[in-house]
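The next block holds one structure in the form of structure tokens; read it before the comments.
The values are calculated or read from the model by the stated rules, or taken from the named source; none is laboratory data. Values in this document were obtained by computation on a predicted structure and should not be read as measured data. In this analysis, Cβ positions are derived from the backbone assuming ideal geometry, glycine residues included, and neighbour counts consider all displayed protein chains.
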Amino acid sequence: MNKICFATNNKGKIAEVKSLLQNKFEIVSLQDIGCVDELPETGSTIEENSLQKAKYVFDNYKVACFADDSGLEIDALLGLPGVDSAHYAGSRDNDKNIALVLENLKPFSNKSANFKTVITYYSSNCVCAFEGLVYGKIIDKPIGNQGFGYDPIFVPNGYNVTFGEMMQTEKNIISHRAIATKKLIAFLEKNNF
Ligand code: IMP
């Protein structure tokens, strides 16, 4: 079975991808390939960061790999917080990030937003990107304590609960990450990687 490195240190993401892959591929972590480096994330878009991380791992460790990058894009804020989602309010503080989003969005009646994930696969013969988008709207105050990040203020279209109120298993079926991951898996299967 071919080994593919998922260039993340997030154990939850690795478990999620492994469950979607159902043992069709051997997924190894950064730790498994001996990488303890901080991956570069200096791009100005989600796409760039995803590519930058995958390229770094391939260039330095010579293993086929994929990396993801995600964020929340709010239409009225012209796509912000976007690539800066993790530290929109200046640090990696979810409550402060949410408070700043709600403050900045107050003057606008258009509350539509989407979560985006871009996964970049990088190997000796191919570089390919896969996008996952979930559309919805931002509500006025946080509800729910499941999940992470902006989950408590995002209601996906077709639902009347936030990601923060959903069971993780339910969110993981419809999430931006799941959509991008399923595209990656279809690609790997089609090309017999
Ligand atoms: P990452 O690239 O997956 O680490 O995501 C970057 C940031 O985007 C996170 O720190 C969160 O602030 C936000 N984010 C990404 N995905 C989600 C999600 O599924 N729910 C809530 N926030 C998210």
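Quick check: is even one residue across region 90-109 of a type in the set (Val, Ile, Thr) and more than 11 Å from the ligand (Cβ to nearest atom)? Within region 90-109, not a single residue is of a type in the set (Val, Ile, Thr) and more than 11 Å from the ligand (Cβ to nearest atom). Taking the criterion of being in contact (Cβ under 8 Å) with a residue 60 or more places away in the chain and part of a loop (DSSP other than H, G, I, E, B), the only residue of region 112-147 that qualifies is Ser124. In region 5-15, the condition of being under 13 Å from the mean Cα position of the chain (by Cα), near the ligand (Cβ under 9 Å from one of its atoms), in a helix (DSSP H, G or I) and modelled with pLDDT under 95 is met by at least one residue. Remark: pairs (first residue in region 85-102, without any contact (Cβ under 8 Å) to a residue 40 or more places away in the chain; second residue small (Gly, Ala, Ser) and buried (at least 16 other Cβ atoms within 10 Å of the Cβ); Cβ separation under 6 Å; 6+ apart in sequence or on different chains) = Arg92/Ala86; Lys96/Ala89; Leu100/Ala89.
Taking (1) at pLDDT 95 or above; (2) farther than 20 Å from Thr117 by Cβ in turn, Glu38 satisfies each apart from (1).
Of the numbered criteria (1) surrounded by 20 or more Cβ atoms within 10 Å (Cβ to Cβ); (2) within 15 Å of the ligand (Cβ to nearest atom), the one Cys65 fails is (2). Ile179 passes every criterion in (1) of a type in the set (Val, Ile, Thr); (2) within 12 Å of the ligand (Cβ to nearest atom); (3) not in a helix (DSSP H, G or I) apart from (3).
Pairing each residue of region 28-54 that is under 19 Å from Cys128 (Cα atoms) with any residue that is of a type in the set (D, E, K, R) and part of a loop (DSSP other than H, G, I, E, B), provided the two are 6+ apart or on different chains, yields C-beta distances under 6 Å for Asn49/Glu41. For beta carbons closer than 7 Å, sequence separation of 6+ or different chains, a first residue in region 165-193 that is among the aromatic types (Phe, Trp, Tyr) and a second that is loosely packed, with under 13 Cβ neighbours inside 10 Å, the qualifying pairs are Phe193/Asn2. Every test in (1) within 14 Å of the ligand (Cβ to nearest atom); (2) loosely packed, with under 15 Cβ neighbours inside 10 Å; (3) over 25 Å from Leu77 (Cβ atoms) is passed by Asn145 save one, and that test is (3).
Sub-7 Å Cβ pairs linking a first residue in region 9-25 that is on the phi < 0 side of the Ramachandran plot and without any contact (Cβ under 8 Å) to a residue 12 or more places away in the chain to a second residue that is part of a helix (DSSP H, G or I) and aliphatic (A, V, I, L, M), at least 6 apart or interchain, number zero.
Within region 85-104, the residues that satisfy the criterion of being of a type in the set (D, E, K, R) and either under 30 Å from Gly34 (Cα atoms) or in a loop (DSSP other than H, G, I, E, B) (or both) are Arg92, Asp93.
Could you please find all residues in region 26-53 being more than 13 Å from Lys3 (Cα to Cα), aliphatic (A, V, I, L, M) and in contact with an Asp or Glu (Cβ under 9 Å, 6 or more places away or on another chain)?
Within region 26-53, Ile46, Leu51 qualify.
So which residues in region 69-84 are more than 8 Å from the ligand (Cβ to nearest atom) and outside any helix (DSSP H, G or I), if there are any at all? Once the filter is applied, which keeps residues that are more than 8 Å from the ligand (Cβ to nearest atom) and outside any helix (DSSP H, G or I), region 69-84 yields Glu73, Ile74, Leu78, Gly79, Leu80.
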